[in-house]
Structures are given as C-alpha cells and as structure tokens.
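Student: First the structure, which I've put down as structure tokens, then a few questions once you've had a look.
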Amino acid sequence: MASDAFLDVIGSRDAPVRPPSSAGGRAWVTPLREALVPVLAMLLALAAFAAGGLSRRMALPEGLEPYAYGFFLDRYPLFVFALIFAAARIVAAAAAAGPGGAARRVAFALLGLAVLGLAGLYPTFGGLILRGGYATGSMAFLTGQPLWLAYALGASVPALMVGGIVGASILAANRPLRPRLRRIGWGALSFLCLWFGAGLIGLGHEVGFGAWPARAMRPGEAGLAAVLLLVAAAPYSLLIALRRRRASA
C-alpha cells in the first residue's frame, strides 16, 4: 500500500498548511482531504473493477496480457489497489500546500509515478516489490523461521520499497529539503503503518476473497475487499492527517 517512511526520516519540517479562518474541526479539512484522496481513489478503482466485470475472461490487448496472468496477481490480487493508493498519495501530496513550484511538483510527481509503476509492474505484475517480499519471506521460512515471522519479514519489504518511492517523490516534489533527525519517530510510525497494511492485504485469499482476476469479482467479494483495504489503509491515513494537522497548527 501506499508511504512517507523515507520522507519522514530524511525530510524536514512540513511546510505549514494554512488552516481555514475558523478554529476547531474546520482546521482538519485540508489535512483530512490529503489523507482521504488515496483511500477514495483506491475504493473507486475497486468499485469500477467490480461493476465493469473486469477479469481475465475479457478480451485484452496483447500488450496488457502479461499483466493479467501470473503467480503474483493470483496470489496477491489486492496489491493492484495498493499501487493505486500509492500513486494517489503522490498526486495528493504534490497538489497540497507546500513550497514546491508548479514545474517542480509536476516533474517529480510524474517521475515518482513512473518509478512506482516500474517497481510494481516490471517485468510483469508485482515487479520488484512483490518479488522482493516473496523472496525474503521464502528464504526466511526455508532457514527455519516460523511461518508467521517469515510472512512478516516478507511484508516488510513491499512496505519499505513503496514507502521509499512515495516518500522520496513527495520530498522532491513538494517538501523543504532540510533534514531533521527528530522526525525519525514519524518515519518509524509510517513504516509500521505500512507494514501492517502490507501484511493485511496479502491475506486476501485467506480471509475469503475469491478467484479474481480469473473471473469477475462478485459483490460479496468486492465488499470484503473494500473492508480489508479500508482497515489496511486506516492507520497510515490517520497518521497523514495527524502530521498535516500538526504542521498547520
């Protein structure tokens, strides 16, 4: 799923977000909007996939076929929506209040999206992100670690990779570039939130998510996926809102 772990460690104090003129709850509007945009993008994509009956049974352009088949899509189908969440996070942060000029925001947001796409989709679905996590978890298990620990170690790799890409993109696009070591705590919290989310969405099949994309997503499966994705994204999204609220205070 989508991250500021890298940004939190090396980034500086967030540029202040100017709150609305009235105090109280209305001061949360801008931080909440930035935090909720990735969640809404992820859920809208899920709804579109389910309503459109998107699956491998549909005719696909030849260039897209390698991304519709393969072990990683079958094993971790909800990673599709984690990538959408991460991409929307880059866009939302680049468009939010901050010191970046228009050219800087657009250039580094597009660069970040390109790197995220390559890391998550090349050479096929899952890219280096899922392959790295799967290799780490598999090697841990083969060296005698308990299954739960091997899975947790494997989930940490996608969290670190996505976090690094998204955080570096946001830092380059729309943050000051003066490091502050005291922000390591925010970085650790961000990573823990992403680690939790990565571990949760990897359990889609174990909690009852169906055979998508081998066939169209059923309404009950789409509802289950929505709940799972919301729970996975909630800690990180809340952390974003808290950080931006604190910056605007």
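Student: Given the residues Gly223, Gly199, which is the only one that is under 23 Å from Thr136 (Cβ atoms), assigned to a helix (DSSP H, G or I) and under 20 Å from the mean Cα position of the chain (by Cα)?
Tutor: Gly199
Student: Sticking with this structure for a sec: Can Pro77 be described as surrounded by 20 or more Cβ atoms within 10 Å (Cβ to Cβ) and outside any helix (DSSP H, G or I)?
Tutor: Spelling it out, Pro77 is indeed surrounded by 20 or more Cβ atoms within 10 Å (Cβ to Cβ) and outside any helix (DSSP H, G or I).
Student: Could you give every pair whose Cβ atoms fall below 8 Å, whose first residue belongs to segment 173-194 and is more than 13 Å from Arg243 (Cα to Cα) and assigned to a loop (DSSP other than H, G, I, E, B), and whose second residue is at pLDDT 85 or above and among the aliphatic types (A, V, I, L, M), counting only separations of at least 6 or pairs across chains?
Tutor: Leu177/Leu171
Student: What pairs come up if the first residue lies in segment 231-249 and is more than 15 Å from Ala93 (Cβ to Cβ), the second is at pLDDT 75 or above and outside any helix (DSSP H, G or I), and their beta carbons are under 9 Å apart, counting only those six or more places apart or on different chains?
Tutor: Correct list of pairs: Ala232/Leu78.
Student: I'm checking my understanding of the structure. Among residues of segment 111-141 that are under 24 Å from Tyr69 (Cβ atoms), of a type in the set (Gly, Ala, Ser) and under 18 Å from the mean Cα position of the chain (by Cα), which one is surrounded by the fewest Cβ atoms within 10 Å (Cβ to Cβ)?
Tutor: Top of the filtered list is Ala114.
Student: Quick one: which of Arg183, Arg215 is at pLDDT below 95, among the charged types (D, E, K, R) and in contact with a helix residue (DSSP H, G or I) (Cβ under 8 Å, 6 or more places away or on another chain)?
Tutor: Arg183
Student: Same structure again: Determine if segment 99-111 includes at least one residue that is closer than 25 Å to Ala241 by Cβ and part of a loop (DSSP other than H, G, I, E, B).
Tutor: Looking for residues that are closer than 25 Å to Ala241 by Cβ and part of a loop (DSSP other than H, G, I, E, B), one finds at least one in segment 99-111, hence yes.
Student: Is it the case that some residue within segment 167-177 is under 24 Å from Ala50 (Cβ atoms) and either aromatic (Phe, Trp, Tyr) or at pLDDT 90 or above (or both)?
Tutor: Taking every residue of segment 167-177 in turn, none turns out to be under 24 Å from Ala50 (Cβ atoms) and either aromatic (Phe, Trp, Tyr) or at pLDDT 90 or above (or both).
The values are calculated or read from the model by the stated rules, or taken from the named source; none is laboratory data. All values derive from a computational prediction rather than experimental measurement. Note that we place each Cβ from the backbone using ideal geometry, even for glycine, and neighbour counts take in every protein chain shown.
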